[in-house]
1. Among A:42, A:59, A:16, which one shows the highest mean-square fluctuation when chain A is modelled as a Gaussian network with alpha-carbon springs under 10 Å?
2. Can you give the average number of partner chain beta-carbon atoms within 10 Å of each beta-carbon in peptide B:44-51, as a whole number?
3. Can you list the trypsin sites (Lys or Arg not before Pro) in region A:1-65 that are in a DSSP coil and have 15 or fewer other beta carbons within 10 angstrom?
4. Give, as ranges by residue number, the residues of region A:22-37 whose backbone N falls under 20 Å from the point 7 Å along Cα→Cβ of residue A:9.
5. Given A:87, A:8, A:100, which one lies farthest toward the positive end of the charge dipole of chain A, if we put +1 on the Cβ of every Lys and Arg and -1 on the Cβ of every Asp and Glu?
6. Describe numerically, in nm with one decimal, the distance between label points set 7 Å from Cα along Cα→Cβ at residue A:77 and at residue A:50.
7. Based on the Cα coordinates of region A:26-100, what is the per residue volume of their convex hull in Å³?
8. Name the residues of region A:41-79 whose accessible area, probed at 1.4 Å, falls by at least 30 Å² once all protein chains are in place instead of their chain on its own?
Amino acid sequence: SQQGEEDPQALSIQEGENATMNCSYKTSINNLQWYRQNSGRGLVHLILIRSNEREKHSGRLRVTLDTSKKSSSLLITASRAADTASYFCATAAYNTDKLIFGTGTRLQVFP
Amino acid sequence: GAGVSQSPRYKVAKRGQDVALRCDPISGHVSLFWYQQALGQGPEFLTYFQNEAQLDKSGLPSDRFFAERPEGSVSTLKIQRTQQEDSAVYLCASSDRLAGGGVDEQFFGPGTRLTVL
């Protein structure tokens, strides 16, 4: 069963707007990662935030992590049509060997 | 450099047939993972190899599912007597990190879409 819940399930915005998606998880983690999946393709790693970090930036991406609330958010600024994809959070626990994925957010960016 | 490759990209099987899905990880990556992704869902862990050793197979849904990585590089996921509920995308991922200390970034292949009729 999947650990993460993401909301919204789907999000439609115009190019240039910001997109925010949220992830909640259930157990203690070592790190939390965000992946993007374009239609019919594999997952691409976007960013990783460790349990002792609260915020991380990478280009137009900003990730926050609140371990007390077991939640994370991904902000994509100045969105582009090419950002249209499904976005998944994935958690990695200590002393484990697998990623536990959330249910995903489908983002549609209209030109 | 080459990424993770999977073959076939699409497979249609009749219920009851056996199928074999192949994964070629990034050269030198010691860790290899298989995930199953149902339509509209996130990937779910199936099994993990460190080199040729299968260290975790807790996600395999039944004994009809079998995975191997005999030489520590290419891996094959075999599904025997396929059922309709096996229809999904099967994703392979590799990493140059040893797991067990917390998994970092994984590199995913494009997946094999299996349809069981």
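1. Fluctuation is largest for A:59.
2. Taking all residues of B:44-51 together, the mean is 3.
3. A:26, A:41, A:54, A:60
4. In region A:22-37, the label zone of residue A:9 (backbone N under 20 Å from the point 7 Å along Cα→Cβ) covers A:22-26, A:37.
5. Towards the positive end, the residue furthest out is A:100.
6. Rounded to a tenth, the inter-label distance reads 2.5 nm.
7. Roughly 93 Å³ of hull volume per residue.
8. With the partner chains in place, region A:41-79 has these residues losing at least 30 Å²: A:42, A:43, A:45.
The values are calculated or read from the model by the stated rules, or taken from the named source; none is laboratory data. Quick caveat, the model's predicted, so the values are computed rather than measured. All Cβ positions, glycine included, derive from the backbone under ideal geometry; neighbour counts span all protein chains shown. Ligands, DNA and RNA are excluded from the accessible area calculation, which covers all protein heavy atoms including side chains. Shrake-Rupley method; radii C 1.70, N 1.55, O 1.52, S 1.80 Å.
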